[in-house]
Number of protein chains: 2
Amino acid sequence: MRDLPAGSVDMIFADPPYNMQLGGDLTRPDNSRVDGVDDAWDKFDDLKAYDSFTREWLSAARHALSDDGTLWVIGSYHNIYRVGSLLQELGFWILNDVIWRKSNPMPNFRGRRFTNAHETLIWAAKSERTRYVFNYESMKSLNDDLQMRSDWLIPICSGQERLRDKEGQKAHSTQKPEALLHRVVMASTKPGQLVLDPFFGSGTTGAVAKRLRRRWIGIEREEGYAKLARKRIDRVEPLADPELLEIKQKRAEPRIPFGWLVERGLLEPGTVLYDPNRRLTAKVRADGTLVCSSPQGDHHGSIHKVGAAVQGATACNGWTFWHLNVEGRSVPIDVLRQKLRAELN
Amino acid sequence: MRDLPAGSVDMIFADPPYNMQLGGDLTRPDNSRVDGVDDAWDKFDDLKAYDSFTREWLSAARHALSDDGTLWVIGSYHNIYRVGSLLQELGFWILNDVIWRKSNPMPNFRGRRFTNAHETLIWAAKSERTRYVFNYESMKSLNDDLQMRSDWLIPICSGQERLRDKEGQKAHSTQKPEALLHRVVMASTKPGQLVLDPFFGSGTTGAVAKRLRRRWIGIEREEGYAKLARKRIDRVEPLADPELLEIKQKRAEPRIPFGWLVERGLLEPGTVLYDPNRRLTAKVRADGTLVCSSPQGDHHGSIHKVGAAVQGATACNGWTFWHLNVEGRSVPIDVLRQKLRAELN
DNA sequence: TCAAGACCTGAATCCTGGC
DNA sequence: CGCCAGGATTCAGGTCTTG
């Protein structure tokens, strides 16, 4: 990081290692063994060693970060208090801490503690008075027109998204979900800005940055992970239509925010939706809004607002109005909400 | 706190002040600053002053706390990283951090940040290896028979519960909801134990402790708040029915040795047991041990020992591992223990 | 082919008492 | 303190197997 020109980076996302102690094996109640994190890069002798490591990378990050840039750090109770304390000492100004609530955390097998169901992100500016980027309206749109809160419910990375090696084993022990990085990048950068991840790992930050048309730099010590990340990011297509990335204003309604479908990957930005008669089309944008051209003119906004506008009506339930092509059949997007709602219950 | 006998307190709940107005040292008037350098030094001084205040009360708390006691601290991003970092340095061992998710937080008015919708609690033991209290089954019951997670959704204190003065103004600016303290006290203490709150404020900790039949001590510098808290707690009635307080705890149930099943005739010597996949068999002997021949060799000993041996594992719960044929169905031998336990009650 | 159920796994500071 | 043995303990989501 020290090699980067001073102040050249617009946003930093960092997931520093933190394993200070490796106990014996943890087994599940059925006696199967939990495949924990035991990578060599993840070991520290004591608090002091961890603190100097942390101070070092944080000050390098501070050097690389532009004056108006922001820093995100993610961690758990093992390390986040040390990181947060040190970044305050280095002059960073905490804007929020954000809780990543995991919908599917690993249970506590011994019944000795609360299920560890979250991780903490700290979002900080370089100092108290800076003009940092916060795409307030995008966040609000992603949250169905309610202010985005500091607690985010997002599943851990598993299934198809999880990178695996030839033997089907997870390729990286702490791969972050793209939905998390989507929200981070959307919140605190503009298209074209430069994002740095100093602990690149499987490259989730780069993959999301590339898709959202941000520039990115990843630093990774392990050549194996670097290769993995390169391969992964090569397959990512930047969103083609710059309009889909435009940061917008205003939107409409309730329960499961439509934006979550986008974040969660149930709906790709750019997906085409149809009205019930298949006369009109609308495109899904990255912030969970739609764009639609109709004989009456162009419309953009929430699924509800655009649905109403193209009908010349005052109200519309976008969930039942807009349809999706699924294997040749037209299906209301509400099925995705139901799917997501089921997942989140 | 220093006046309390060392190790006399079973649990501490602390909501330390953090507005940087603790006495003269921490006061930071909002006067204009000369330049950035002064600003940085100024800030450093503030952090330093807050840190010494924190180190002081934390070490006093450590002195008062019994070796098997636990400490809870609640805070926000302004101070929680300093508190967490310092308590680690003092030797406390973090068990969980817990997120209090507010269902009704104050919105962010200026739209420059995420809505600050949570506070953080740190739960810590006095050191790494202690026998702290955690009422696992109580927490599980509170959560619809699912393990209690580290994120708690609880509304802020308002309405009837909020203490008000004669003019109808809130009597204390940071009154905590009793639901929050209820969960804290229920999780980490037993009835009759001693709870200390060194920043007593409106006395929520005392009110809940009294109702749940814990003993309590409150420390409060402001006489006005102390008076308020006394009045409030005087009106609280301890729960009359001890059963309401009873902590459902499987661990406290009488231990039933496997051999008793044989002694009591619930299991005949010579009975054949099976592993869950019905690949292996073991025979019950008159002394309550098993004999088992497996591809890896012969084994003899307790149900747990033999179960572990045949799996090549280091541990095994024999009660759930070994099965019995009952009318054609395979049933874990634990059902016999339950039967005997019922007979013995 | 489909539905039901078995099986696998995820950043985890994960037991306790007696000798 | 170390060692040993008894015995208590899991949720959600995705994939695979079976009928």
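The values are calculated or read from the model by the stated rules, or taken from the named source; none is laboratory data. Since the structure is predicted, the reported quantities are computational estimates derived from the model, not experimental observations. Note: ideal-geometry Cβ built from the backbone for every residue, glycine included; neighbour counts use all protein chains shown.
Looking only at the stretch B:181-192, how many residues end up being part of a helix (DSSP H, G or I) and either basic (Lys, Arg) or more than 14 Å from chain A (Cβ to nearest Cβ) (or both)? Residues that pass the stated criteria total 4. Of everything in the stretch B:109-121 that is polar (S, T, N, Q) and part of a strand (DSSP E or B), the residue that is farthest from residue B:64 (Cα to Cα) is B:115. Does residue B:221 fit the bill of being within 24 Å of the chain's Cα centre (by Cα), under 24 Å from residue B:70 (Cα atoms) and either at pLDDT 95 or above or in a loop (DSSP other than H, G, I, E, B) (or both)? The answer is no for residue B:221. Just one of the numbered conditions (1) more than 13 Å from DNA strand C (Cβ to nearest atom); (2) more than 14 Å from chain B (Cβ to nearest Cβ); (3) not small (Gly, Ala, Ser) is not true of residue A:199: (1). For the stretch B:193-209, a residue qualifies if it is outside any loop (DSSP other than H, G, I, E, B), of a type outside the set (Val, Ile, Thr) and under 17 Å from the mean Cα position of the chain (by Cα), and the qualifying residues are B:194, B:196, B:197, B:209. Of all residues in the stretch A:91-118, those satisfying the criterion of being more than 16 Å from DNA strand D (Cβ to nearest atom) and either at the interface with another protein chain (Cβ under 10 Å from one of its Cβ atoms) or within 16 Å of the chain's Cα centre (by Cα) (or both) are A:91, A:93, A:94, A:95, A:96, A:97, A:98, A:99. Residue B:128 meets all of the listed conditions (1) more than 10 Å from chain A (Cβ to nearest Cβ); (2) acidic (Asp, Glu); (3) touching a strand residue (DSSP E or B) at 6+ places or on another chain (Cβ under 6 Å) but one, namely (1).
Only one of the listed residues (B:297, B:301) is within 16 Å of DNA strand D (Cβ to nearest atom), at pLDDT below 85 and either touching a helix residue (DSSP H, G or I) at 6+ places or on another chain (Cβ under 8 Å) or more than 18 Å from residue B:317 (Cα to Cα) (or both). That residue is B:301.
If the condition is being in a strand (DSSP E or B), surrounded by 15 or more Cβ atoms within 10 Å (Cβ to Cβ) and within 12 Å of chain A (Cβ to nearest Cβ), then the stretch B:131-167 contributes B:149, B:151, B:152.
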